[in-house]
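Note sheet for the following structure.
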Amino acid sequence: MTREYDVETLQRAHDRFELSYKPEYVAGSNPSLTVWERVIRRLMSDGKVLEKRDVRFRPTPGCTWEDPNGRRYSYGWKVHGTLKAGLTVDDFVRVYSSPTKSGKPSSWTVARSGFAPAKVISSHKSRLA
């Protein structure tokens, strides 16, 4: 499952955070540190759910050695939780892809991964056998 945040969404979240402990804060007066963020959650074969967060930080003005689009960083894989007993992969996908309680579509997108099925190169039996 993948979920991405754009700069506007990140700025709104930053403003909510700032207002939670600074009542005099004016929305938008302090830019968020990140301009892009992606969260990936993967269900492993043992039932563990792993999460990885990737971000792109706001570029530093006047910094010539840094990427002009901002420095990228990955926080790495961490265990997010465990799938409840009795649930399947299809249940996991259904929960994340179903609409929210307010009726808005889910912000998570499904990306199935894994090994591709084996391909038969030749159906001829070896003459050495």
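So here's what we get for this one:
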{"item": "Matching residues, segment 98-110, being in contact (Cβ under 8 Å) with a residue 60 or more places away in the chain and in contact with a Phe, Trp or Tyr (Cβ under 8 Å, 6 or more places away or on another chain)", "result": "Trp108, Val110"}
{"item": "Subset of segment 78-100 [surrounded by 13 or more Cβ atoms within 10 Å (Cβ to Cβ), closer than 25 Å to Glu37 by Cβ and not β-branched (Val, Ile, Thr)]", "result": "His80, Leu83, Phe92, Tyr96, Ser97"}
{"item": "Among the residues listed as Lys48, Lys101, Lys78, the single one being in contact with a Gly (Cβ under 9 Å, 6 or more places away or on another chain) and basic (Lys, Arg)", "result": "Lys48"}
{"item": "Condition check for Glu24: among the acidic types (Asp, Glu), at pLDDT 90 or above and farther than 15 Å from Met1 by Cα", "result": "yes"}
{"item": "Selection status of Ala116, assigned to a loop (DSSP other than H, G, I, E, B), in contact with a strand residue (DSSP E or B) (Cβ under 6 Å, 6 or more places away or on another chain) and either acidic (Asp, Glu) or modelled with pLDDT under 85 (or both)", "result": "no"}
{"item": "Residues of segment 18-43 classified as surrounded by 13 or more Cβ atoms within 10 Å (Cβ to Cβ) and among the aromatic types (Phe, Trp, Tyr), total", "result": "2"}
{"item": "Close pairs from segment 47-71: first aromatic (Phe, Trp, Tyr), partner modelled with pLDDT of 80 or more, Cβ under 8 Å, at least 6 apart", "result": "Phe57/Leu33; Phe57/Thr34; Phe57/Val35; Phe57/Gly70; Phe57/Arg71; Phe57/Arg72; Phe57/Tyr73"}
{"item": "Count - residues of segment 1-60 that are within 20 Å of the chain's Cα centre (by Cα) and of a type in the set (Ser, Thr, Tyr)", "result": "6"}
{"item": "Within segment 8-46, tally of residues that are within 27 Å of Val93 (Cα to Cα) and touching a residue at least 24 places away in the same chain (Cβ under 8 Å)", "result": "9"}
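The values are calculated or read from the model by the stated rules, or taken from the named source; none is laboratory data. Here the structure is a predicted model, which means the values were calculated and not measured. With ideal geometry, Cβ positions are generated from the backbone for all residues, glycine too; neighbour counts draw on all protein chains shown.
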